[in-house]
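Bear in mind these aren't lab numbers, they're just calculated from the coordinates by the rules spelled out. Keep in mind that what you see is a predicted model, and the values were worked out from it rather than measured. We place every Cβ from the backbone using ideal geometry, glycine too, and count neighbours over all the protein chains shown.
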Amino acid sequence: MREIRFGLQGAKKRVNMLAGRDVVLVVNRGRNKIEKLRGRIDEVHDGIFTFKEDEGKINSFSYSDVLTKSVRFFPPDAM
């Protein structure tokens, strides 16, 4: 079972702090499908945020993905 350390507001605050910065997202898509995406958080909305990859592709994620650690943030030079 996944552990939730901070609430939904904490996840929103963390994403807002990273908005506009270059980051690496590690996304767990399930069934051992892990993706590493480079880019930046493009837009922040009430229920979701969008992530624009360096190649131009746009992905959207919910804040619950951050809470359950399906989406993790890393500095661009970490990977």
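A few notes on this one:
- Taking region 49-70 as the range and being in contact (Cβ under 8 Å) with a residue 40 or more places away in the chain and part of a loop (DSSP other than H, G, I, E, B) as the test, the residues that pass are T68, K69, S70.
- Inside region 31-42, residues that are in contact (Cβ under 8 Å) with a residue 24 or more places away in the chain and not β-branched (V, I, T) make up a count of 2.
- Check on R21, among the charged types (D, E, K, R) and surrounded by 11 or more Cβ atoms within 10 Å (Cβ to Cβ): yes
- Top-ranked residue in region 34-57 [being among the β-branched types (V, I, T) and within 23 Å of L8 (Cβ to Cβ); ranked as surrounded by the most Cβ atoms within 10 Å (Cβ to Cβ)]: I41
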